[in-house]
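Trainee: This structure is in C-alpha cells; I'll ask about it shortly.
Laboratory data are not the source of any read-out in this text; all were calculated from the coordinates shown. Here the structure is a predicted model, which is why all the values come from computation and not from measurement. As a convention, Cβ positions derive from the backbone with ideal geometry for all residues, glycine included, and neighbour counts pool all protein chains shown.
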Amino acid sequence: MHPGRTLVLATRNRDKVAEMSRLFADLPIDELLCALDFPELQEVVEDGGTLAENAFLKARSVAHATGRMSIADDTGRFVDALEGAPGIYAARYAGEGCSYEDNCRKLLRELENVPPPRTARFMTAMVFVDPAGRAGNDGSAVEHQVEGVLEGEILQEMRGGGGFGYDPLFLVIGQGRTLAEMAIEEKNRISHRARAAAAMHSFLKEYLAGERSSGRSGSS
C-alpha cells in the first residue's frame with residue numbers, strides 16, 4: 001500500500017466514516033482509510049479554541065504519522081438560547097464517554113424552560129493536509145480549510161430513527177423534518193457535513209487531478 005493515492009479520514013467514528021465514504025466515493029483515490037486502520041495512532045487532544053483548530057490538530061497529526069493525505073472535521077452545535085452552547089463541545093456535552101442519547105437528553109434539560117422556536121445551527125469545519133506537499137513546490141505540506149452550516153431549531157422531543165448525534169432533535173429549516181427522519185441520501189445532500197464535504201470535494205478533485213498530471217502518484 002503506497003501513500004500517494006491514499007486518503008485517511010482522521011476519525012474513529014464509524015458513522016462518520018460511512019457518511020464520508022459515500023460523499024467522496026467518486027474521487028480519484030486508490031484507498032479511503034480511517035484512523036481505525038492504524039491502531040498505532042495516538043488519540044489527539046482536541047484542545048483548540050475553534051472547530052477549525054481542532055480539525056487541523058487531528059488532520060496534521062494523522063497526516064504526519066501515516067505519511068498520507070488526511071482529512072479531519074470537527075462539528076459543533078450552536079444553540080442561540082444557550083449563548084452558543086454546546087458549541088465545540090457538542091460530542092462530549094454530557095461528559096467523557098457519553099452516548100448520543102446522553103447528549104440529546106442533556107440538551108433537552110438545558111432548554112426545558114425555553115419556548116420554541118429554539119434556533120440553532122450545525123457547523124462543520126473540514127480540513128485537508130497533504131504532508132508531502134504539491135509536486136514541484138518546496139516540500140512543505142499543503143493545507144486547505146472549508147466549512148458548512150445548516151440552520152434549524154431544537155425540538156422538544158426526539159424524532160426519527162436515522163442519523164446519529166443530535167440528528168433526532170434538529171429540525172431543518174424549510175424541511176419540517178429532523179435529520180434523523182431523512183434517508184441517508186437526502187441528509188447527505190443538505191447536511192452541514194455534506195456542505196463542507198461538497199466544498200472539499202471540489203478542492204480535492206482539482207488538487208488530485210493536478211497531482212496526477214504532475215506525475216506524483218506514489219510508488220510501492
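Trainee: So which residues in the range 188-214 are under 25 Å from A72 (Cβ atoms) and without any contact (Cβ under 8 Å) to a residue 40 or more places away in the chain?
Mentor: Within the range 188-214, R189, S202, E206 qualify.
Trainee: Tell me the residue from L32, L41, L27, L57 that is hydrophobic (A, V, I, L, M, F, W, C) and in a helix (DSSP H, G or I), please. So that I can check it myself, show each step before the final result.
Mentor: Working: L32 fails: in a helix (DSSP H, G or I); L41 fails: in a helix (DSSP H, G or I); L27 fails: in a helix (DSSP H, G or I).
Result of the check over L32, L41, L27, L57: L57.
Trainee: Okay, moving on. Given the criterion touching a residue at least 12 places away in the same chain (Cβ under 8 Å) and surrounded by fewer than 17 Cβ atoms within 10 Å (Cβ to Cβ), identify the matching residue among R60, R22, R68.
Mentor: R22
Trainee: Picking from G160, G148, G152, G95, which residue would you name as being surrounded by 14 or more Cβ atoms within 10 Å (Cβ to Cβ) and assigned to a loop (DSSP other than H, G, I, E, B)?
Mentor: Working: G148 fails: assigned to a loop (DSSP other than H, G, I, E, B); G152 fails: assigned to a loop (DSSP other than H, G, I, E, B); G95 fails: surrounded by 14 or more Cβ atoms within 10 Å (Cβ to Cβ).
Just a single option satisfies the conditions, and that option is G160.
Trainee: Among the residues that make up the range 29-38, is at least one of them touching a residue at least 40 places away in the same chain (Cβ under 8 Å), within 21 Å of H192 (Cβ to Cβ) and of a type outside the set (D, E, K, R)?
Mentor: No, the range 29-38 contains no residue that is touching a residue at least 40 places away in the same chain (Cβ under 8 Å), within 21 Å of H192 (Cβ to Cβ) and of a type outside the set (D, E, K, R).
Trainee: So which residues in the range 175-208 are surrounded by 20 or more Cβ atoms within 10 Å (Cβ to Cβ) and among the polar types (S, T, N, Q)?
Mentor: T178, S191
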